[in-house]
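What follows is one structure encoded as structure tokens, with my remarks underneath.
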Amino acid sequence: MKIDRIETFLLESPIDEPFGWSQGWAESRSALICKLTTDTGIEGWGECSGAPSQSVIHDCFAPLLLGRDPSNINALWHHLHHSLHNDNLAGGFGGGALSSIDIALWDIAGKGSGKPLVDLLGGPVRDRVAVYATGLYYREDPGYAQLIAEAQSYVEDGYKGMKTKIGGLSVAEDVERVAAIRGAIGDSRFLMVDANKAYSVSTAIDIGKRLEGLNIHWFEEPVIANDVDGYLKVKAGQPLALAGGEVWYNRFDARDFIVRRAIDIAQPDARFIGGISEFRDVAASANAMGLQVNPHVWGSSIMIAASISLTATFAPCPYARTPRPYAQEPVMEFDQTPNPIRNDLASQPFEANKGYVAIPDGPGLGIQIDETVLERLCIHKRESRS
Ligand code: CA
């Protein structure tokens, strides 16, 4: 079996209602979808983001992939990774490009063998995966009515936890906003806050202390993403557990955070960390240091399928006779923001049932891509053939 064709689709979709966080304001959603086709007609799907990743896939990777056997994922991964390493392109858009190829190769391996991804990874250690609702972003209307209604809708849907944004307002205003959410959902739900790197160390320590009474389960990305010592200072200076890692691009980005325990919860994203292969190894390293791994997921059904299958295989951390989500069981991010790409690209979108999602059981990623949606949302397609 050989890789015969590589196609990429840069997708963009408008959304009905814009939303914001500390670093940006979304008025549309986008994704880069990658499709590998073998000479035997098997199609593997992967995903990352951004036009520069599209260039890496076709201009750098295509000559190394076309005509090669897709079944040796390890050899191809390291070959692609090191093709970029000397030019310092193995992170960023290069790391995203590698991630998308890796995910597509696993999809091909599953479809070729008739096995779901979770079985290729050695099988699940739980029969469903706990998820938390990511939403509660900033909106054009600064009032709390819409925010509170959204938070209460997650409670009614059965989510045991949800995550909101901080860092977009003053510290005092953000604390008041988080308090409004806590007041609306009661004390029995987990609530997390995400600053998206908006703070200095001192400001992060300040807001962490002020949020203490609101029973915040984790404080995500308090300071700039690669500042290990900054994380350690924030960890020592305030009471909340720290989470981070969504922009790690490989084990080398993750290494110091894990070894030095600069975080309490690791959140790699399979779109960036190097796909399924590298995520699995980084997750094992994090587990060895007692860090829970709760995957960051902000992509389409391709990423949701890959992330559920990975999460299903993570050992409880720490181990327990009856492991519980948030305490020992991993909880995967389940994005609730407007995103037609996420909702429409697969024939059947993923849905949570009382805070859990089912593990895909079809071959490979276990999803069917609706190619009419792919063509409709595509703003730039590229193709490479052997
Ligand atoms: Ca985040």
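Between Ile73, His380, Leu147, whose Cα lies farthest towards the positive end of the dipole of the chain when Lys and Arg beta carbons carry +1 and Asp and Glu beta carbons carry -1, centred on the Cα centre?
Farthest towards the positive end: Ile73.
Once the Cα atoms of helix 301-311 and of the chain are each reduced to a long axis, what angle between those two axes, in degrees from 0 to 90 to the nearest 10, is obtained?
70 degrees
Which order do Glu43, Glu375, Glu351 take by accessible area at a 1.4 Å probe, largest first?
Glu351, Glu375, Glu43
Please identify, among Ser28, Ser170, Ser307, the residue showing maximal mean-square fluctuation in a Gaussian network model of the chain using a 10 angstrom Cα cutoff.
Ser170
Share of Cα-Cα pairs in the range 118-358 beyond 27 Å, in percent?
Across the range 118-358, Cα pairs with separations above 27 Å total 31 percent.
Report the gain in length on full extension from Asn353 to Thr372: 0.36 nm times residue separation, minus Cα-Cα distance, nm rounded to one decimal.
Between Asn353 and Thr372, full extension yields 4.0 nm more.
How large is ³J(HN,Hα) for each residue in the range 82-87, as worked out from phi by the Karplus curve 6.51 cos²θ - 1.76 cosθ + 1.60 (θ = phi - 60°), to whole Hz, x for Gly and Pro?
In residue order, the calculated couplings are 6, 5, 9, 4, 5, 8 Hz.
Got a number for the accessible area of Thr203? Probe 1.4 Å, square angstrom, nearest 10.
Counting only protein heavy atoms, Thr203 exposes about 40 Å² to solvent.
Could you give the distance between the Cα centres of the range 28-76 and the range 176-230, to the whole Å?
37 Å
Assigning unit charges at the beta carbon (Lys, Arg +1; Asp, Glu -1) and nothing else, what dipole magnitude in debye, to the nearest 20, does the range 165-223 show about its Cα centre?
I would put it at about 60 debye.
With springs only between Cα atoms under 10 Å, which of Leu365, Leu169, Leu11 fluctuates most in a Gaussian network model of the chain?
It is Leu169.
If you plug each phi of the range 151-167 into the Karplus form 6.51 cos²θ - 1.76 cosθ + 1.60 with θ = phi - 60°, what whole-Hz ³J(HN,Hα) values come out, in order, with x for Gly and Pro?
My calculation for the range 151-167 gives 4, 5, 5, 5, 4, 5, 6, x, 5, 8, x, 8, 10, 10, 9, 9, x Hz in order.
For Phe190, enumerate residues with amide H under 5 Å from its amide H, sequence gap 5+ or separate chain, H modeled in the peptide plane.
Correct list: Gly161, Met162.
From Cα coordinates alone, what are the radius of gyration and Dmax values for the range 266-325 in angstrom?
Answer for the range 266-325, Rg first and Dmax second: 11.4, 34 Å.
Given springs between every Cα pair under 10 Å in a Gaussian network model of the chain, which of Glu140, Glu150, Glu220 has the largest fluctuation?
Glu140
Quick one: putting +1 on the C-beta of Lys and Arg, -1 on the C-beta of Asp and Glu, what dipole do you get for the range 1-114 around its Cα centre, in Debye to the nearest 20?
For this selection, approximately 340 debye.
Over the range 213-286, what relative contact order in percent results from Cα pairs under 8 Å that are six or more residues apart?
Rounded, it is 29 percent for the range 213-286.
Please report the antiparallel percentage of DSSP beta bridges with both residues in the chain, rounded to the nearest 5.
Roughly 60 percent of the beta bridges in the chain run antiparallel, per DSSP.
Viscosity 1.567 mPa s, temperature 4 °C: give me the Stokes-Einstein translational D for the range 44-94 in µm²/s, with Rh taken as the Kirkwood radius over C-alpha pairs.
D, rounded to a whole number, is 112 µm²/s.
So what is the relative contact order for the range 118-358, in percent, with contacts set as C-alpha pairs under 8 Å and at least six apart?
Once normalised by length, the contact order is 23 percent.
Work out the length of the dipole vector of the range 118-358 about its Cα centre, built from +1 on the beta-carbon of each Lys and Arg and -1 on the beta-carbon of each Asp and Glu, and round it to the nearest 20 debye.
Here the size comes out at about 620 debye.
What number, rounded to the nearest 500 deg cm²/dmol, is the helix-based mean residue ellipticity at 222 nm of the chain, given -39500 (n - 2.57) per DSSP H run of at least four residues and division by all its residues?
Here the helix-only value at 222 nm equals -10500 deg cm²/dmol.
How much net charge surrounds Lys163 when only the other residues with a Cβ under 14 Å from the Cβ of Lys163 are counted, with Lys and Arg +1 and Asp and Glu -1?
-3
Angle check, please: helix 171-185 long axis (alpha carbons) against the longest principal axis of the chain (alpha carbons), in degrees 0 to 90, nearest 10.
Roughly 80 degrees, rounded to the nearest 10.
If the limit is 30 Å between Cα atoms, which of Lys163/Lys235; Lys235/Lys354; Lys160/Lys209; Lys35/Lys235; Lys163/Lys209; Lys165/Lys235 go over it?
Beyond 30 Å between Cα atoms: Lys235/Lys354; Lys35/Lys235.
Could you pull the accessible area for Arg255 with a 1.4 Å probe, rounded to 10 Å²?
Arg255 exposes around 130 Å² with every protein chain in place.
Roughly what angle does helix 228-237 make with the longest principal axis of the chain, taking Cα atoms, 0 to 90 degrees, to the nearest 10?
30 degrees
Could you list which residues have their amide H under 5 Å from that of Val331, counting only those 5 or more apart in sequence or on another chain, with H placed in the peptide plane?
Tyr326
The values are calculated or read from the model by the stated rules, or taken from the named source; none is laboratory data. Quantities reported herein were computed from a predicted structural model and do not represent experimental measurements. Here the Cβ is made from the backbone with ideal geometry for all residues, glycine too, and neighbour counts use every protein chain on show. When the accessible area is computed, the model is the full protein with side chains, heavy atoms only, and any ligands, DNA or RNA have been set aside. Shrake-Rupley method; radii C 1.70, N 1.55, O 1.52, S 1.80 Å.
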